[in-house]
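Student: Once you've had a glance at the structure underneath, I'll fire off some questions.
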Amino acid sequence: WSVYVVVDDGAFRIEMVDEGRKLPLNAAAEPAMRQLVESLNIPGTDAAQIAAAMADWRDEPIGAACEGQEPACHNAPFQTVDELRLVPGMTPELIAALEPYVTVFGSGLVNANTASVQVLDAISCPGAALVAARDAAPFTAPPPTCPSSAVASTAFTVSVDAALTGGSAQSHLRAVVHRDGRILAWQSQ
């Protein structure tokens, strides 16, 4: 959700994004990553190759996708979504398309109450049917057709933009916060 407030000397825009609505890069199975990449329809993208490279990036030992690559694959969990830029085969177009749908924060489960059709489909849940059902009433437990999902989230990205009238001063703050109030990360913009 987003809130825009105008005050006498400027304006503030506050936005909060549920990280649970996204596919968790460090917990998603390779087929889920492949399905998500396929759903983005980026011309010239080999979804199977990209998904294998993403999986190889985060695990040990070095596999075929990362062998001989420079920089060397991380062989550990993704620390940021921006780290996708280093994965073999990634293009700027694919990264831009993936960013709204992937995260490194949260419980590792996708929130069936907020996830997009693409993300739900990627985890082998009937995305369109679940979105239609939750529009009628939010889920209070994981739906039977998506038992590996969650119905609440633990991490949220909060962005605050402030501008004085006339554009003389602007500021941007972005943080990922846990449901309990802890700051998980500050993100620069």
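The values are calculated or read from the model by the stated rules, or taken from the named source; none is laboratory data. Everything quoted here is computed from the prediction, not taken from an experiment. Because the Cβ atoms are built from the backbone with ideal geometry, glycine has one as well, and the counts that use them run over all protein chains shown. Heads up: the accessible areas ignore ligands, DNA and RNA and are worked out on the full protein's heavy atoms, side chains in. Shrake-Rupley method; radii C 1.70, N 1.55, O 1.52, S 1.80 Å.
Student: Could you give the radius of gyration (one decimal) and Dmax (whole number) of the Cα atoms in the range 108-189, in Å?
Tutor: My reading of the Cα-based Rg and Dmax gives 17.1, 53 Å.
Student: Please give the peptides 86-93, 111-118 ranked by average Cβ packing (other Cβ atoms within 10 Å per residue), highest first, as a rough proxy for protection.
Tutor: The most tightly packed comes first, giving 111-118, 86-93.
Student: Another question, if that's okay. Could you sort Ser39, Ser124 by accessible area so the largest value comes first, with the probe set to 1.4 Å?
Tutor: Listed by decreasing accessible area, they come as Ser124, Ser39.
Student: Once the dipole of the range 11-65 is set up with Lys and Arg at +1 and Asp and Glu at -1 on Cβ about the Cα centre, which of Val17, Trp57, Met33 lies farthest towards its positive end?
Tutor: Toward the positive end, the furthest listed residue is Val17.
Student: Quick check: with the 1.4 Å probe, what order do Asp59, Asp135, Asp161, Asp180 take by accessible area, largest first?
Tutor: Ranking Asp59, Asp135, Asp161, Asp180 by accessible area, largest first, yields Asp135, Asp180, Asp59, Asp161.
Student: Pop out the carbon and sulfur fraction of the accessible area of the range 18-156 as a percent, whole number, probe 1.4 Å.
Tutor: Carbon and sulfur atoms account for 55 percent of the accessible area of the range 18-156.
Student: Any idea how far apart Ala128 and Leu40 come out in nm if each label point goes 7 Å out from Cα toward Cβ?
Tutor: Result: 2.3 nm between the two label points.
Student: When the chain is fully extended, how far beyond the present Cα-Cα distance does Gln170 get from Glu60, taking 0.36 nm per residue of separation?
Tutor: 35.2 nm
Student: About the Cα centre of the range 107-189, how large is the charge dipole given +1 on each Lys and Arg Cβ and -1 on each Asp and Glu Cβ? Please answer in debye to the nearest 20.
Tutor: That gives the range 107-189 a dipole magnitude of about 160 debye.
Student: Can you give the Rg and Dmax of the range 106-155 based on its C-alpha atoms, in angstrom?
Tutor: 9.5, 26
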